[in-house]
Amino acid sequence: MKNPLVGVILSILKKQPDGISEFDILTELKQRLPEFSQLSDGQNLQLFRQHFLIMNALYQLQTRLWQEENLTLSILSTRITLSHTSQAIRSDSTTLSDSVDAKLAAYYLDWNEYEHTGTEQVKEMLDGFYKGISLTGDRDAALSTLEFESNNNPSKTDIKQQYRKLAQQHHPDRGGDQEAFISLREAYEYLML
């Protein structure tokens with residue numbers, strides 16, 4: 001299925017010879033196409049759909065521009081750049097490899113991912129993301145750093161009070177050790193999740 005944003009995104013890319021971020025593409029699409037901000041009532045699902053449509057259009061463009069125009073569309077997490085590749089060899093291959101880029105392209109080119117992803121699936125993805133980026137560590141070690149017994153199950157209020165007490169003692173501005181202070185903060189952040 002052809003993505004209706006392909007032409008609009010191509011015109012945006014042509015005006016940005018040094019590349020552009022996905023966020024800037026999103027911002028420009030919202031200005032040009034008011035209906036792009038009406039894809040869902042829920043904020044998270046709305047953002048997922050906008051992101052998916054942009055990435056789908058970019059991956060459609062990437063394939064077509066390479067095969068038909070000898071142009072390279074580089075899709076990186078922080079920058080999207082369109083460039084002419086004078087010595088590129090055109091490929092008629094439609095086989096996807098096992099690279100991360102190929103897997104991303106396969107995901108975003110599959111309209112079923114868009115159609116079957118609802119509010120609950122987006123919530124699960126976000127929860128998985130936040131869980132994945134949370135500080136990893138050992139609860140007992142964090143409790144020990146804040147001078148709690150490892151079998152103790154302190155409340156958030158207890159953790160906060162103990163952290164403040166120890167932070168005052170170990171703050172570098174008060175003659176404390178910077179590494180000890182940072183360790184206290186890490187333990188505090190871990191336990192407050």
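Working carefully through the options GLN60, GLN50, GLN46, find the one that is assigned by TED's automatic domain parsing to the domain that holds LEU104, under 18 Å from GLU115 (Cα atoms), without any contact (Cβ under 8 Å) to a residue 12 or more places away in the chain and touching a Leu at 6+ places or on another chain (Cβ under 8 Å).
GLN46
Counting just the residues of the stretch 138-169 that are closer than 17 Å to LEU193 by Cβ and basic (Lys, Arg), which one comes out nearest to the chain's Cα centre (by Cα)?
The selected residue is ARG139.
May I ask you to verify whether LEU104 is touching a helix residue (DSSP H, G or I) at 6+ places or on another chain (Cβ under 7 Å), surrounded by 12 or more Cβ atoms within 10 Å (Cβ to Cβ) and among the hydrophobic types (A, V, I, L, M, F, W, C)?
Taking the combined requirement at face value, the residue does not satisfy it.
Taking the residues in the stretch 131-146 that are assigned to a loop (DSSP other than H, G, I, E, B) and at pLDDT below 90 as candidates, determine which candidate is surrounded by the fewest Cβ atoms within 10 Å (Cβ to Cβ).
THR136
Residue-wise test of (1) assigned by TED's automatic domain parsing to the domain that holds LEU76; (2) not in a helix (DSSP H, G or I).
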residue: TYR108; (1), (2): yes, no
residue: THR117; (1), (2): yes, yes
residue: GLU120; (1), (2): yes, no
residue: LEU126; (1), (2): yes, no
residue: PHE148; (1), (2): no, yes
residue: GLN161; (1), (2): no, no
residue: GLU186; (1), (2): no, no
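Hey, among ASN3, ASN56, which residue is under 23 Å from LYS103 (Cβ atoms) and modelled with pLDDT of 95 or more?
Of the residues listed, the single one that is under 23 Å from LYS103 (Cβ atoms) and modelled with pLDDT of 95 or more is ASN56.
Can you name the residue in the stretch 25-46 that is touching a helix residue (DSSP H, G or I) at 6+ places or on another chain (Cβ under 8 Å) and within 21 Å of SER77 (Cβ to Cβ) and is also surrounded by the most Cβ atoms within 10 Å (Cβ to Cβ) among such residues?
ILE25
Looking at the stretch 19-30, can you tell me whether even one residue there is assigned to a loop (DSSP other than H, G, I, E, B), within 22 Å of ARG64 (Cα to Cα) and in contact with a Ser or Thr (Cβ under 9 Å, 6 or more places away or on another chain)?
yes
If I filter the stretch 154-193 down to residues being at pLDDT 90 or above, aliphatic (A, V, I, L, M) and farther than 15 Å from SER144 by Cβ, which single residue comes out as surrounded by the fewest Cβ atoms within 10 Å (Cβ to Cβ)?
Taking the candidates together, the pick is ILE182.
The values are calculated or read from the model by the stated rules, or taken from the named source; none is laboratory data. Quick caveat: nothing in here was measured; it's all calculated off a predicted structure. Note that we place each Cβ from the backbone using ideal geometry, even for glycine, and neighbour counts take in every protein chain shown.
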